[in-house]
Amino acid sequence: MGRLHIRVVICVSTALLLSSGCSGKEAASEAGRSDVVVTTPAPVGTIPEIGSTQGLALPIEAYMLTGDENALVLRARQTLIERCMRGFGLTYSIRLVPPSRTFSLVERRYGVADAATAAEWGYHSPDPAQGERRRALADNNAQTPTELLVLTGWPGGNVLPGATPPAAGRVAGRQIPAGGCQGEAVREITGDDGGYGDDAIVQAINQSTESDSDRRVSDAVERWSECMKRAGYDYPGPMEAIDSFGGPAPSEVERKTAVTDVKCKSETNLIGVWFTVESAYQTAAIQQNREHLASVQNRLKTIIRNATSIAGGTTATEPGNPTSGG
């Protein structure tokens with residue numbers, strides 16, 4: 001059975017992604033799988049009827065920055081980098097590139113789940129920020145070699161992920177900090193060089209797929225597949241339905257398929273089963289790693305406190321609140 005995980009992390013342009021402190025799947029691979037894999041079927045109580053992913057939050061989200069907190073960190077990062085670049089007589093003109101759409105952690109975790117969105121977009125993701133993103137990327141590609149050196153600490157901004165930044169030398173009579181102005185911003189916000197992205201074990205728990213092969217989930221997926229067959233569609237699972245369509249825009253066939261997909265999820269309670277079972281596995285994995293995850297929460301509090309001091313403003317939730325979104 002296929003699996004779709006969508007976790008949107010707000011970053012700057014692709015060229016500067018890794019030096020900005022965002023984390024990718026590589027970080028998750030560093031976490032020992034034995035620390036996060038729960039092989040015993042996780043017990044659950046009554047499985048509720050859930051027809052939509054709206055308002056749902058997985059247990060691991062308590063150990064991630066929320067969307068509002070991510071935005072706060074980005075404002076602080078922008079403030080620090082602008083200040084640092086001015087110290088070298090340079091202007092920081094790189095614009096933040098908005099994501100194609102800010103999903104919740106659960107919004108499309110089990111495939112398309114909203115009937116109205118399916119009717120308009122099929123399996124495609126709405127992209128209201130497309131024009132803004134193109135303009136920002138064009139602006140970001142216009143940086144001079146000196147600006148990129150001071151910004152990243154790497155000649156031409158050619159960052160080598162995982163490598164130690166070279167001694168970048170001096171510009172305008174000042175020593176470029178390790179990792180450039182970006183690296184300096186990371187250290188001031190986080191208190192270390194760890195970046196702003198999700199902790200490796202948090203990512204591993206978030207990306208773990210134990211629930212996919214759980215009999216309760218596979219039975220629900222089979223019921224969904226049978227429902228789709230009765231409507232004239234032959235897919236073994238929701239992800240195969242998504243993978244069968246592509247192109248720049250949704251077709252009428254895609255829209256109708258996606259609408260039926262959502263209808264069958266509701267009729268079979270696929271979302272209710274999958275979300276409940278996955279939550280149980282995550283809860284068990286969190287218990288196995290509670291000491292480490294307590295330190296993760298403390299680090300998030302430090303990041304939020306520092307970012308608030310730098311950028312001002314408040315956030316609606318504290319890290320560790322199970323109701324907070326990603």
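Answer yes if at least one residue in region 216-233 is of a type in the set (S, T, N, Q), assigned to a helix (DSSP H, G or I), in contact (Cβ under 8 Å) with a residue 40 or more places away in the chain and buried (at least 22 other Cβ atoms within 10 Å of the Cβ), and no otherwise. Checked region 216-233: no residue is of a type in the set (S, T, N, Q), assigned to a helix (DSSP H, G or I), in contact (Cβ under 8 Å) with a residue 40 or more places away in the chain and buried (at least 22 other Cβ atoms within 10 Å of the Cβ). The single condition from (1) at pLDDT 95 or above; (2) farther than 30 Å from Ala258 by Cβ that Arg223 fails is (2). Pairs only if they're at least six apart or on different chains, beta carbon under 9 angstrom, first in region 242-265 and modelled with pLDDT of 95 or more and part of a helix (DSSP H, G or I), second open to solvent by 50 Å² or more (accessible area, probe 1.4 Å) and among the basic types (Lys, Arg); list them, first residue then second. Close Cβ pairs (under 9 Å, with a partner that is open to solvent by 50 Å² or more (accessible area, probe 1.4 Å) and among the basic types (Lys, Arg)) amount to Cys264/Arg223; Cys264/Arg230.
Residue check: is Thr164 open to solvent by 40 Å² or more (accessible area, probe 1.4 Å), farther than 18 Å from Ile242 by Cα, of a type in the set (Ser, Thr, Tyr) and at pLDDT 75 or above? Spell out how you get there, then give the answer.
Numbers: open to solvent by 40 Å² or more (accessible area, probe 1.4 Å): yes; farther than 18 Å from Ile242 by Cα: yes; of a type in the set (Ser, Thr, Tyr): yes; at pLDDT 75 or above: yes.
Yes, satisfied.
A Cβ distance below 7 Å, combined with a sequence gap of six or more or placement on separate chains, defines the contacts here; from region 300-312, residues that are modelled with pLDDT of 95 or more and part of a helix (DSSP H, G or I) reach residues that are polar (S, T, N, Q) and open to solvent by 20 Å² or more (accessible area, probe 1.4 Å) in the pairs Ile304/Thr315; Thr308/Thr314; Ile310/Thr79. For region 281-305, filtered to residues that are small (Gly, Ala, Ser) and within 21 Å of the chain's Cα centre (by Cα), the residue that is least open to solvent (accessible area, probe 1.4 Å) is Ala285. In this structure, is Ser208 surrounded by fewer than 23 Cβ atoms within 10 Å (Cβ to Cβ), in contact with a Phe, Trp or Tyr (Cβ under 8 Å, 6 or more places away or on another chain) and free of Cβ contacts under 8 Å to residues at least 24 places away in the same chain? Against the criterion (surrounded by fewer than 23 Cβ atoms within 10 Å (Cβ to Cβ), in contact with a Phe, Trp or Tyr (Cβ under 8 Å, 6 or more places away or on another chain) and free of Cβ contacts under 8 Å to residues at least 24 places away in the same chain), Ser208 does not qualify.
Return yes when Glu188 is open to solvent by 40 Å² or more (accessible area, probe 1.4 Å), over 25 Å from Lys263 (Cα atoms) and in a helix (DSSP H, G or I) and no when it is not. Lay out the reasoning, then the answer.
Numbers: open to solvent by 40 Å² or more (accessible area, probe 1.4 Å): yes; over 25 Å from Lys263 (Cα atoms): yes; in a helix (DSSP H, G or I): yes.
It is true that Glu188 is open to solvent by 40 Å² or more (accessible area, probe 1.4 Å), over 25 Å from Lys263 (Cα atoms) and in a helix (DSSP H, G or I).
For Ile6, the conditions (1) crowded, with 20+ Cβ neighbours inside 10 Å; (2) at pLDDT below 50 are fulfilled apart from (1). Of all positions in region 19-29, at least one carries a residue that is assigned to a helix (DSSP H, G or I), at pLDDT below 95, under 26 Å from Leu270 (Cβ atoms) and open to solvent by 30 Å² or more (accessible area, probe 1.4 Å). Tell me, please, whether a residue that is farther than 22 Å from Lys301 by Cβ, among the small types (Gly, Ala, Ser) and under 20 Å from the mean Cα position of the chain (by Cα) can be found in region 192-202. Looking for residues that are farther than 22 Å from Lys301 by Cβ, among the small types (Gly, Ala, Ser) and under 20 Å from the mean Cα position of the chain (by Cα), one finds none in region 192-202, hence no. All but one of (1) open to solvent by 60 Å² or more (accessible area, probe 1.4 Å); (2) among the small types (Gly, Ala, Ser); (3) out of contact with any Pro (no Cβ under 7 Å at 6 or more places or on another chain) hold for Ala178, so report the exception by its number. Here Ala178 meets the rest and fails (3). Listed by first and then second residue, the pairs with beta-carbon distance under 7 Å, at least 6 apart or on different chains, first residue in region 192-203 and surrounded by fewer than 24 Cβ atoms within 10 Å (Cβ to Cβ), second among the aliphatic types (A, V, I, L, M) and in a loop (DSSP other than H, G, I, E, B), are Gly197/Val9; Ala200/Ala31.
Answer with yes or no whether Leu65 is open to solvent by less than 20 Å² (accessible area, probe 1.4 Å) and outside any helix (DSSP H, G or I). Yes, satisfied. Any chance region 140-148 includes a residue that's closer than 24 Å to Trp224 by Cα, modelled with pLDDT under 90 and surrounded by fewer than 18 Cβ atoms within 10 Å (Cβ to Cβ)? Checking region 140-148: not a single residue is closer than 24 Å to Trp224 by Cα, modelled with pLDDT under 90 and surrounded by fewer than 18 Cβ atoms within 10 Å (Cβ to Cβ).
The values are calculated or read from the model by the stated rules, or taken from the named source; none is laboratory data. Quantities reported herein were computed from a predicted structural model and do not represent experimental measurements. Every residue, glycine as well, gets a Cβ built from its backbone with ideal geometry; the counts of neighbours run over all protein chains shown. These area figures cover heavy atoms from the full protein model, side chains too; ligands, DNA and RNA do not enter into them. Shrake-Rupley method; radii C 1.70, N 1.55, O 1.52, S 1.80 Å.
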